[in-house]
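Beneath this line is the structure, given in structure tokens, with notes to follow.
The values are calculated or read from the model by the stated rules, or taken from the named source; none is laboratory data. Because the structure is a prediction, the values reported are computed rather than measured. Glycine gets a Cβ as well: all are built from the backbone with ideal geometry, and neighbour counts include every protein chain shown. Protein only, heavy atoms only, side chains kept; ligands, DNA and RNA dropped before computing areas. Shrake-Rupley method; radii C 1.70, N 1.55, O 1.52, S 1.80 Å.
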Amino acid sequence: MNDGEVGFFSQFVILALEDSWFSSNVDRKKQVLSSMRGHGDVRSHIYLSLGFKSNADMIIWRLSRKPEELQSEHIEFRKNIAGLGKIIAIYTGISRPSTYTGEEGEFEALSDPKKRSRYLSIYPFTKTPEWYLLDVDKRRKIMVEHIAIGRKFPKVRQVLLYSFGADDQEFVVAYETDDLKYYIECVMALRESESRLYTKVDTPVFTGTILDETNEHLIL
């Protein structure tokens, strides 16, 4: 990828279901679920956060090469969800090589539903102004330590998206795992790195289980 070239856009839509959802007929709810899934060049994954947080019931993770495609997909979804749910938050960012490792998420791997883990946890993230005033070598040293801690937990996969100037937060951080307890241990370990001193915002956190045939009945 050339310097400054955007890899792909990624978006997380946090949804709260209205009481009317649960009294609505199954066909209507299936129509809405269908509108959540990716169409055309937009790839989507759906997660059920119902019962994990008081104000959020579902997470829709969309990926696309163009922001306009995400926008069109969302407009169509809003038409279908009318009267049954409301949007709590939308977090949008782009994939680009990491400032410190050069690594980048791959669109095809992240958009493949067969490669998704059981659990997803996402949150907006912003560094303090003091972080950017540090010498770049100092920042790199701190992040190398932080990354080394994370790599001790290979069953947790991180997706880092850049939102500078396009959203309120600087980053959107997403984690995928098949073991939520293991993931919590990972986050606890990461809290002990020096980089924590330069964290300004890393809430709210939204966690969900991937919506599939094992749990879809809970909302139908």
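Take the residues in region 100-123 that are charged (D, E, K, R) and in contact with a Ser or Thr (Cβ under 7 Å, 6 or more places away or on another chain), then tell me which one is nearest to H45 (Cα to Cα).
R118
Can you spot a residue in region 185-196 that is under 30 Å from L84 (Cβ atoms) and not basic (K, R)?
no
Would you check which residues across region 67-106 are among the basic types (K, R) and under 17 Å from the mean Cα position of the chain (by Cα) and list them?
Answer for region 67-106, where residues must be among the basic types (K, R) and under 17 Å from the mean Cα position of the chain (by Cα): just R96.
Does region 110-122 contain at least one residue that is touching a residue at least 12 places away in the same chain (Cβ under 8 Å), among the basic types (K, R) and farther than 27 Å from I88 by Cα?
No; the residues of region 110-122 include none that is touching a residue at least 12 places away in the same chain (Cβ under 8 Å), among the basic types (K, R) and farther than 27 Å from I88 by Cα.
Could you tell me how many of the residues in region 56-84 are under 21 Å from I219 (Cα atoms) and in contact with a strand residue (DSSP E or B) (Cβ under 6 Å, 6 or more places away or on another chain)?
Total meeting the criteria: 7.
Scanning region 96-116 for residues that are assigned to a helix (DSSP H, G or I) and not aromatic (F, W, Y), which turns out most open to solvent (accessible area, probe 1.4 Å)?
The selected residue is K114.
Looking at region 175-210 only, could you name the residues that are within 23 Å of L50 (Cα to Cα) and either hydroxyl-bearing (S, T, Y) or crowded, with 19+ Cβ neighbours inside 10 Å (or both)?
Answer for region 175-210, where residues must be within 23 Å of L50 (Cα to Cα) and either hydroxyl-bearing (S, T, Y) or crowded, with 19+ Cβ neighbours inside 10 Å (or both): Y175, E176, T177, Y182, Y183, T203, F206, T207, G208, T209, I210.
Is it the case that F164 is buried (at least 17 other Cβ atoms within 10 Å of the Cβ), aromatic (F, W, Y) and without any contact (Cβ under 8 Å) to a residue 40 or more places away in the chain?
No: the conditions fail for F164.
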